[in-house]
Amino acid sequence: MDNHADISPAYARLVRLNGVCYEIFDLPSGPFYIFADDVALRLASFEEAIDEKALARDIPRRRNAVIRTALKFLDGYVHGVRAPLPPLDLTAYTERERAVYRALQKIPFGRTISYGDLARRAGFAAGARFAGNCMAKNDFPIFIPCHRVIRSDGGVGRFSGGAGIKELLLGHEGSLPVRMRGGLLNPRRSKPDRKGV
């Protein structure tokens, strides 16, 4: 087994766990990988962060109950319908980081919050930088909606999948002035995906 620390510390932890499997959800930006065991979701990652050859060798592709719940959540997200959140493994985070993530999960679809306001809601006055660091460490994009956190000047800010994906997600939610006609675009087609529209 190769050292995957350069890909992601979370991925490096995954390959050492028993019973972890993965599945792929097609987002408009491309494949979105979700990893889980029978207890919790362990990682969610955009395509750029994944070494597909190592993945095929290290982790089986299959659907367990947690993966199925995650896929339903993502499908609901794409179609603007609330679905139950799968259990997330947050054991790698400090209690302060988990407080920020809990505060963020209260920000609804279609709304944004600044890093500073998020920190204050989590109980950390003057903690904008800390909130930003928490967003950078988030192993569960979309499930913990770090794309909803923007700079205080209204700028989009950084995102694990890239600023373009963050803008796409915010546009889908109606948080940016740009709306996509016909719903999210299928990455493998050039025209809108009419499914569910």
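The values are calculated or read from the model by the stated rules, or taken from the named source; none is laboratory data. Just so we're clear, the structure is a prediction, and the values are computed from it rather than from any experiment. Positions of Cβ are backbone-derived with ideal geometry, glycine not excepted, and every protein chain shown enters the neighbour counts.
When Ala126 is tested against (1) of a type in the set (Gly, Ala, Ser); (2) at pLDDT below 95; (3) in contact with a Pro (Cβ under 6 Å, 6 or more places away or on another chain), exactly one condition is not met: (3). In the stretch 105-123, the residues that are more than 14 Å from Ile144 (Cα to Cα) form Cβ pairs under 7 Å with partners that are aromatic (Phe, Trp, Tyr), at six or more places apart or across chains, as follows: Ala119/Phe130.
From the list Arg102, Arg96, exactly one residue is without any contact (Cβ under 8 Å) to a residue 24 or more places away in the chain and assigned to a helix (DSSP H, G or I). Which is it?
Being without any contact (Cβ under 8 Å) to a residue 24 or more places away in the chain and assigned to a helix (DSSP H, G or I) holds for just one of Arg102, Arg96, which is Arg102.
Just to verify a result, which residue in the stretch 135-148, among those that are within 16 Å of Asp89 (Cβ to Cβ) and not aromatic (Phe, Trp, Tyr), is surrounded by the fewest Cβ atoms within 10 Å (Cβ to Cβ)? Ranking the candidates gives Lys137 first. Considered as a group, the residues in the stretch 61-81 that are in contact (Cβ under 8 Å) with a residue 40 or more places away in the chain and β-branched (Val, Ile, Thr) include one that is surrounded by the most Cβ atoms within 10 Å (Cβ to Cβ), and that residue is Ile67. Taking the criterion of being outside any strand (DSSP E or B) and surrounded by fewer than 16 Cβ atoms within 10 Å (Cβ to Cβ), the residues of the stretch 18-32 that qualify are Asn18, Gly19.
Among Val66, Val100, Val39, which is under 24 Å from Leu14 (Cα atoms), assigned by TED's automatic domain parsing to the domain that holds Lys166 and among the aliphatic types (A, V, I, L, M)?
On the way: Val66 fails: assigned by TED's automatic domain parsing to the domain that holds Lys166; Val39 fails: assigned by TED's automatic domain parsing to the domain that holds Lys166.
Going through Val66, Val100, Val39 in turn, just one is under 24 Å from Leu14 (Cα atoms), assigned by TED's automatic domain parsing to the domain that holds Lys166 and among the aliphatic types (A, V, I, L, M): Val100.
Scanning the stretch 57-91 for residues being within 15 Å of Ala36 (Cα to Cα), of a type in the set (A, V, I, L, M) and modelled with pLDDT under 95 gives a total of 1. Condition first: surrounded by fewer than 16 Cβ atoms within 10 Å (Cβ to Cβ) and among the acidic types (Asp, Glu). Now tell me which residues in the stretch 33-46 satisfy that. Asp38 - this is the single residue of the stretch 33-46 that is surrounded by fewer than 16 Cβ atoms within 10 Å (Cβ to Cβ) and among the acidic types (Asp, Glu). Counting only residues that are surrounded by fewer than 16 Cβ atoms within 10 Å (Cβ to Cβ) and touching a helix residue (DSSP H, G or I) at 6+ places or on another chain (Cβ under 6 Å), the stretch 86-109 holds 1 of them.
Residues that are outside any loop (DSSP other than H, G, I, E, B) and free of Cβ contacts under 8 Å to residues at least 60 places away in the same chain do occur in the stretch 156-163. Against the test of being at pLDDT 85 or above and surrounded by fewer than 19 Cβ atoms within 10 Å (Cβ to Cβ), the options Gly162, Gly196, Gly174 yield a single qualifying residue, Gly174.
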